[in-house]
Structures are given as structure tokens and as C-alpha cells.
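Chemist: First, the structure itself, so that you have it in front of you.
The values are calculated or read from the model by the stated rules, or taken from the named source; none is laboratory data. Remember, predicted model here, so these are calculated numbers, not experimental data. Cβ atoms come from the backbone with ideal geometry, glycine included; neighbour counts cover every protein chain shown.
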Amino acid sequence: MNAVLTQQEVDQLLRATENFENLEAFESFLKKRQIQPEEPYGHSYEQNITMCRFWGSKHGEKILSDIERKNNEQGMGNVKIPNTKIKLINYSICPECNTIFSFKELADYYANPKPDPAFSNRVDQFRQDTRVCCPKCGTYFLPSLIISDGTPMKEVQFLCRIQTVNAIEQYFLGKGMQVLTQNKKNVLHKGGRRAIRNDILLKQLELRPTLITNLLQHTPANLIPNLIDGSNVEKRDVLYGAWERVG
């Protein structure tokens, strides 16, 4: 069993992806990250753990090529965002028994996760739990999804969560549409907490791939399948899957 990374070590690695010399080094990092305990549940994505970015990486081209080749050999599957060059490269392996999970298997699991008594109800688990439970050995782990725009050596602007929301809202306001916080109907309240309903369809952002990239990397893994197929609106997903306490 690999040693568990501290949060500081995870953050350092994610800020310096150029440290990955080859696929083996990247795999070692992923397996250590996958057994990183989530506390509280569902919030690891706020520390950029759900997504790994390769822009600016000296070895990014070769590593991504090796990953995609191995993906094809092992059937993990990649997802291309329609009308863009952006791909989500799935690289999800159980760190305990090495069972490989395809993107479809991840989506199927998130649609029917193993019940966890740590959550008060199934709805909260659907919205908050970003882990996957391996059916073979019972190990919980975080899936690995890598964002690629096809040119990892080219820098793509990184936006924080607030900047992402503002940029998306301004883009749609220019089209005469009020989305996210600009539409007051999207501001939801429940039990002293507030959330913003995600009424964005990715296909509406096809001319702004940077905004798609930032929206994806701030979205927890369990809500990404909904965002890709456009069901996030009808399922009333909240932005980034996060409910925040008011006051």
C-alpha cells in the first residue's frame, strides 16, 4: 500500500506537474492521491484534486500520449467535449486491487453509489460524495480525470471559482441571457445553506473552450457526467456541487 499524501504534498504536486518525468511517476502520484481520505466528504475537488492539468508540463505531450495508448489497451475510455478540442482522459484505477474503471462505469456508479451511512440521505450522497467504491475489494478511491485540450504545451488561462462564474455570466449577458447568479431563480436556500443552480449547457459555451475547461475542473467528478450529457439542468445540479452556510 502506498503512503498517504498530505494535503500540502498534493497541492505541491498539482502546482508543479512538470515534475512528472514519465507515466510511471504520474501513476504513482495518482494511486497515492486516490487513497487520500476525504474530509469532509465531497470537498476534495475544491483543492483541484479531481482534475489534473498538463498545460506547461515539459513532459506533458509524451505522458498524455502514453496514457491514451494505455487507455485504449485497457478500455478505460476518454470523453471528448462536443465542438471543442477538450478531452477528459480517464485514468481511474483502484489503488488496492488495480481494477480498472471506464468512464461509463464511473458514471454508472455515481448514478447508483454504494449507500454510505455517513450521509443523512441518498440525495446528499448523490450531490456530495465524489468517491467510488471498488466492487471487488471494497476500497473507496477518487477517480482520475485529466483535462487535455490537445496541446498541453500551450498555456490555457486558469480561473478561480469566482472568476469562472463571473466570466460565464458576462459571456451570457452579452448574448442577452441571465444565467447562474444573474438569474435570481437559481439562488437556492435550504436549512441555513445557499447554493446556485447550474443552468449552463456546455454546448452553449462551445466558442469559449477556456470557460468549459474551468467549469469542468471546478466540478466534482460525480457531477461531470451530467454536465457532459446536458442533464445537469433537468437534475437541478448545483454549481460545483457545493452548498455553503449562510452567515
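Chemist: Failed condition for Gln204, given (1) touching a residue at least 12 places away in the same chain (Cβ under 8 Å); (2) at positive phi, with all others met?
Modeler: Just one mismatch for Gln204, condition (2).
Chemist: Of these, Leu205, Leu159, which one is closer than 15 Å to Lys85 by Cα, surrounded by 15 or more Cβ atoms within 10 Å (Cβ to Cβ) and hydrophobic (A, V, I, L, M, F, W, C)? Explain how you work it out, then say what you get.
Modeler: Details: Leu159 fails: closer than 15 Å to Lys85 by Cα.
The match here is Leu205.
Chemist: From (1) surrounded by 16 or more Cβ atoms within 10 Å (Cβ to Cβ); (2) free of Cβ contacts under 8 Å to residues at least 24 places away in the same chain, pick out the condition that doesn't hold for Glu234.
Modeler: Of the numbered conditions (1) surrounded by 16 or more Cβ atoms within 10 Å (Cβ to Cβ); (2) free of Cβ contacts under 8 Å to residues at least 24 places away in the same chain, the odd one out for Glu234 is (1).
Chemist: Could you tell me which residue of segment 122-145 is modelled with the lowest pLDDT, considering only residues that are farther than 13 Å from Pro220 by Cα and hydrophobic (A, V, I, L, M, F, W, C)? Steps first, please.
Modeler: First, the residues of segment 122-145 that are farther than 13 Å from Pro220 by Cα: 122-124, 133-141.
This time we only want the ones that are hydrophobic (A, V, I, L, M, F, W, C), so: 123, 133-134, 137, 141.
Working: Val123: 77, Cys133: 90, Cys134: 91, Cys137: 92, Phe141: 84.
For segment 122-145, the residue satisfying everything is Val123.
Chemist: List the number of the failed condition for Gly176; all other conditions in (1) at pLDDT 90 or above; (2) surrounded by fewer than 16 Cβ atoms within 10 Å (Cβ to Cβ); (3) in contact with a Leu (Cβ under 9 Å, 6 or more places away or on another chain) hold.
Modeler: Failed condition: (3).
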